[in-house]
Structures are given as C-alpha cells and as structure tokens.
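A short worksheet on the structure shown next.
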Amino acid sequence: MSTIQKGDTVLVTGATGYIGNHVVYELVAAGYKVRGTSRDHTKAQFIVDAIEKKFGKGHLEIVDVPDMIAEDAYDEAVKGVSGIVHLASVVSFSTVADEVIPPAVKGTLNILKAATKEPKVKSLVVTSSSTAAIMPVPNEKIVLTKDSWNQKSVDAAGKPDASAYEIYAASKTEAERALWKTVKETNPPFQVASVLPNANFGRRFREKGNSTGDWILGAYTGENKAIASVPPQWYINTSDDAKLHVIALTDPACNGERLFGFAGTYTYNEILDIFRKIDPSKDFGEGVDLGKDLSEVPNKAAEDLLKKHYGHGWTDLEESIRQTLAPVGSQQMKSY
C-alpha cells in the first residue's frame, strides 16, 4: 500500500476534543494539511487560532459534521483527503446504553464507509480506548494481549444498573470490534490501524473541556476532586498519544495493528506528591489509598514506534502533570 505524503490533506474528526487538538497540531507539525470536523465550526476557533499562531494560515480548515451517525455523514468531508483520523465519539456519559453504544458503532462504520468512497484515501486511524481492552481493577494482575477485548463492560452495559463509565467502555469496545470485523469482511484498499490510549494528561489548548486533563486541574485547584474516586490506571501524555496517531497513519508497518497507548501507571497519591513538589506551600489534603493498577499491557511496540519516529519514549508522569497545569498557550510557543 502506498502511504500519504507530506502536504497531503488529512481529515480529523472530533478535532475540537482534547486528543483531537493534539492530533491536529502534530499532523501540521509533521507537514500535513488538516481538515477538521466539528458539530459547529464556530466552537473550533480556539484550535484554528492556536495553529495559525504557531504555523501561519493555510494549514487547518474546519468543516461542520453536525451528526456523525447520519447516513453519508462524512461523504463531503472526505473528498480529496489522503488520510483520516477518526476521533469523534459519544462522550455524553449517558446511563442509557442505547443512546451511547449504537451511535458510537454507527459513527465508526460511517467513517469507514466514507473512506471507501474516496479513491485518494490511503490510511485510516480510529481512536479507540484502553477501555476497549480492559477496565481498571485495583490490585489485580491482568495480562492484556493485542487480542484482548473488554467483554465485561459490554455485558454490564446491558443491565439496568449499568454505570455511565461501563456504558462508555462498552461503546468503545463495540465500535472498535465493529471496525475490525468490517475491515476483515471488506478488505478496504487502504491501511487501517487503531490507537487505544489510556487517561490523557498534557498541554491544553483551552481552559476547560480537556477531558481527563480537567481531572488534574480540578484536583490541583480543589474545585473538583473527581480523580480521587477514579480507580488507579495507566496514563499517556497527550502529545505522545497524538504522535502515535501520526505514526499509525503514516507507517505501513502499522497496518492492521492496535497500538496500546499505555505509558505508565499512576495513583491519586502519586499525583498529590507531584502537586506538592510544584507548590510546597499549598495544602492538597490527604491522599486516598485506592490500590494500584497491576495490569500487564502490550505497550512496547507503541513506545518503540515513538522512539523510531520521534527519538523519544513515553513522557513521564511528573512532566505530564506539569504540562497539564501549564498556562494555556504555552504549547504554542515550542515544538513538542
């Protein structure tokens, strides 16, 4: 299969999201033009401004895709693109499974269908999630493989008392499984890969709406300590995550692969220790012992790809936390 070339246009769905912002940035930094999708382009001005401030005009355009599950939702957006990164998903965290799982699956299949209609497409990357393979279970050693699926959450999502987190995890599981099932059945004429990132921490392009990055901000300011109740798990720096997407899109060796974006484990208490190093004068309260994530994951291949293409491995937890807390705009002043 031929690969996309520098200067080609890449479609990025969900470009206004936390990970999407970084994927746009890294693609432009790598020499590609980006067409990003948003439900409402007026809400994407912050990322347009950031890209233009760093790289100048002409690198990013935003198009509206108001409903990703509508028939032929992406048919116009894919015209003329050579690559696609599909990040858009259902993040309503509804406790009604039918409002989350079918739309997530439909959106993924819609982008795959649209890709087959555009003859220029050479590569498609779908953003899955760590939760498509596993739900964090403290103090339990779980060994993941590239063939691991989170069937436990899929089963739980069918019950009346299913949590929003379980339903979200089930949606990511079923969407990615549907992707690979359809790819196997249809054998599309382009490269396909998926990226499974865990909790993302790192630089921000806007004050709020940074997903797991907001966990860190809330805990640091004391405004929201939701992370204190989240089971310990793995993390990834958002810049590393975005770079994995660029690699998955452009490296032919990634065709058919699931790249596990698991940099390292963290606990709430470890995050508090980092906070205290950053500001020793501030009282961040007592820690909470929620145990540790003992899972073993197949993440070496992804780190090796980072080293091969970018010259570095995973960004450590402390640096990722410091970047998350850095003022918005600092990421525009330097190259990662």
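Which of the residues spanning the range 261-307 are touching a Gly at 6+ places or on another chain (Cβ under 8 Å), part of a helix (DSSP H, G or I) and within 18 Å of VAL195 (Cβ to Cβ)?
ALA302, GLU303, LEU306, LYS307
So, of the residues in the range 20-45 that are free of Cβ contacts under 8 Å to residues at least 40 places away in the same chain and of a type in the set (Ser, Thr, Tyr), which turns out to be nearest to LYS6 (Cα to Cα)?
SER38
Taking SER239, is it polar (S, T, N, Q) and in contact with a strand residue (DSSP E or B) (Cβ under 9 Å, 6 or more places away or on another chain)?
No, not satisfied.
Going by the conditions given, is ASP293 under 19 Å from the mean Cα position of the chain (by Cα), of a type in the set (Asp, Glu), modelled with pLDDT of 95 or more and within 30 Å of LYS146 (Cα to Cα)?
On the way: under 19 Å from the mean Cα position of the chain (by Cα): no; of a type in the set (Asp, Glu): yes; modelled with pLDDT of 95 or more: yes; within 30 Å of LYS146 (Cα to Cα): yes.
Judged against the criteria, ASP293 is not a match.
Say whether the condition of being assigned to a strand (DSSP E or B), farther than 21 Å from SER130 by Cα, basic (Lys, Arg) and within 18 Å of the chain's Cα centre (by Cα) is met by at least one residue in the range 22-34.
From the range 22-34, those assigned to a strand (DSSP E or B) are 33-34; that's our starting set.
From what is left, the residues that are farther than 21 Å from SER130 by Cα are 33-34.
With the extra rule that they be basic (Lys, Arg), the set shrinks to 33.
Still in the list and also within 18 Å of the chain's Cα centre (by Cα): none.
Within the range 22-34, not a single residue is assigned to a strand (DSSP E or B), farther than 21 Å from SER130 by Cα, basic (Lys, Arg) and within 18 Å of the chain's Cα centre (by Cα).
Restricting to the range 80-126, name every residue that is closer than 12 Å to ALA175 by Cα and of a type in the set (D, E, K, R).
LYS106
Please go through the range 212-257 and give me each residue that is under 25 Å from ASP279 (Cβ atoms), of a type in the set (A, V, I, L, M, F, W, C) and either more than 19 Å from the chain's Cα centre (by Cα) or part of a helix (DSSP H, G or I) (or both), ordered by number.
Residues satisfying the conditions are TRP215, ILE216, LEU217, ALA219, ALA226, ILE227, ALA228.
Rundown of residues vs (1) out of contact with any Phe, Trp or Tyr (no Cβ under 8 Å at 6 or more places or on another chain); (2) without any contact (Cβ under 8 Å) to a residue 24 or more places away in the chain, yes/no style:
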position	(1), (2)
VAL65	no, no
GLU76	yes, yes
GLY80	yes, no
SER89	yes, no
PHE93	no, no
ASP98	yes, yes
PRO103	yes, no
GLY107	yes, no
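Of ALA162, ALA175, ALA156, which residue is touching a residue at least 12 places away in the same chain (Cβ under 8 Å), of a type outside the set (Val, Ile, Thr) and either at positive phi or not in a helix (DSSP H, G or I) (or both)?
So the residue among ALA162, ALA175, ALA156 that is touching a residue at least 12 places away in the same chain (Cβ under 8 Å), of a type outside the set (Val, Ile, Thr) and either at positive phi or not in a helix (DSSP H, G or I) (or both) is ALA162.
For SER123, indicate whether it is touching a strand residue (DSSP E or B) at 6+ places or on another chain (Cβ under 8 Å) and of a type in the set (Ser, Thr, Tyr). I'd like the intermediate steps shown before the answer.
Details: touching a strand residue (DSSP E or B) at 6+ places or on another chain (Cβ under 8 Å): yes; of a type in the set (Ser, Thr, Tyr): yes.
In short, yes.
Conditions first: (1) within 25 Å of THR173 (Cβ to Cβ); (2) of a type in the set (Asp, Glu); (3) more than 21 Å from the chain's Cα centre (by Cα); (4) not in a helix (DSSP H, G or I). ASP67 passes all but one, so which condition is the exception?
(3)
Taking the options VAL143, VAL126, name whichever one is under 30 Å from THR3 (Cα atoms) and either touching a residue at least 60 places away in the same chain (Cβ under 8 Å) or surrounded by fewer than 18 Cβ atoms within 10 Å (Cβ to Cβ) (or both).
Exactly one residue qualifies, and that residue is VAL126.
Table: residues versus (1) surrounded by 14 or more Cβ atoms within 10 Å (Cβ to Cβ); (2) aromatic (Phe, Trp, Tyr); (3) closer than 22 Å to PHE260 by Cβ.
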{"residue": "VAL154", "(1), (2), (3)": "yes, no, yes"}
{"residue": "ALA157", "(1), (2), (3)": "yes, no, no"}
{"residue": "ALA169", "(1), (2), (3)": "yes, no, yes"}
{"residue": "THR173", "(1), (2), (3)": "yes, no, yes"}
{"residue": "TRP180", "(1), (2), (3)": "yes, yes, yes"}
{"residue": "VAL183", "(1), (2), (3)": "yes, no, yes"}
{"residue": "PRO189", "(1), (2), (3)": "no, no, no"}
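The values are calculated or read from the model by the stated rules, or taken from the named source; none is laboratory data. Because the structure is a prediction, the values reported are computed rather than measured. Heads up, the Cβs are rebuilt from the backbone with ideal geometry, glycines too, and the neighbour counts pull from every protein chain shown.
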